[in-house]
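Notes to accompany the following structure.
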Amino acid sequence: MKNMTTITTSDILLENATKYADKPALSSKDKAGNWKTTTWAEFSGETMDVAKSLTSLGFVKGDKLSIYSYNRKEWYIAYAAANFVMVLV
């Protein structure tokens, strides 16, 4: 792990995706009340997909992004993706 003065949330996500690929990262209930678990590898992959989408939409370091959503997995993925692109949320 990097020195604590230089570590970012993006660094932690990538490290966890490598170290704990098949371990649970996020869990939420579906409409039927069943738990759905997202692994670190899945979370990282989905986050990178959204980060690429933000870049292709023209977002650059320092831009601002507003995420309006209930507290759910997709919100956190969008937030983490914005961190990768260095976009302010």
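Read-outs: derived from the displayed coordinates by stated rules, not from any lab. None of the values given here were measured: they were computed from a predicted structure. Note that we place each Cβ from the backbone using ideal geometry, even for glycine, and neighbour counts take in every protein chain shown.
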Subject >> Cα point-scatterer Debye curve for the stretch 9-85, base-10 log of I(q)/I(0) at q = 0.16 Å⁻¹ >> reply: -0.61
**OP:** Counting other Cβ atoms within 10 Å, keep those with at most 10, restrict to DSSP loop, and tell me which trypsin sites (Lys or Arg not before Pro) in the stretch 1-68 are left.
**Re:** LYS2, LYS31, LYS61
Original post:
Which aspartates and glutamates have a Cα lying under 18 Å from the Cα of LYS73, excluding residues fewer than 8 positions away in the same chain?
Top reply: ASP22, ASP30, GLU42, GLU46, ASP49
**OP:** Take every Cα pair under 8 Å in the chain that's 6+ residues apart, average their separations, divide by the length, and report that relative contact order as a whole percent.
**Re:** 27
**OP:** Arrange the following residues from fewest to most other Cβ atoms within 10 Å of their Cβ: TYR68, TYR79.
**Re:** TYR68, TYR79
Original post:
Pulled fully out, how much extra length does the chain show between ASP63 and ALA41, if you take 0.36 nm times their separation in residues and subtract their Cα-Cα distance?
Top reply: 5.2 nm
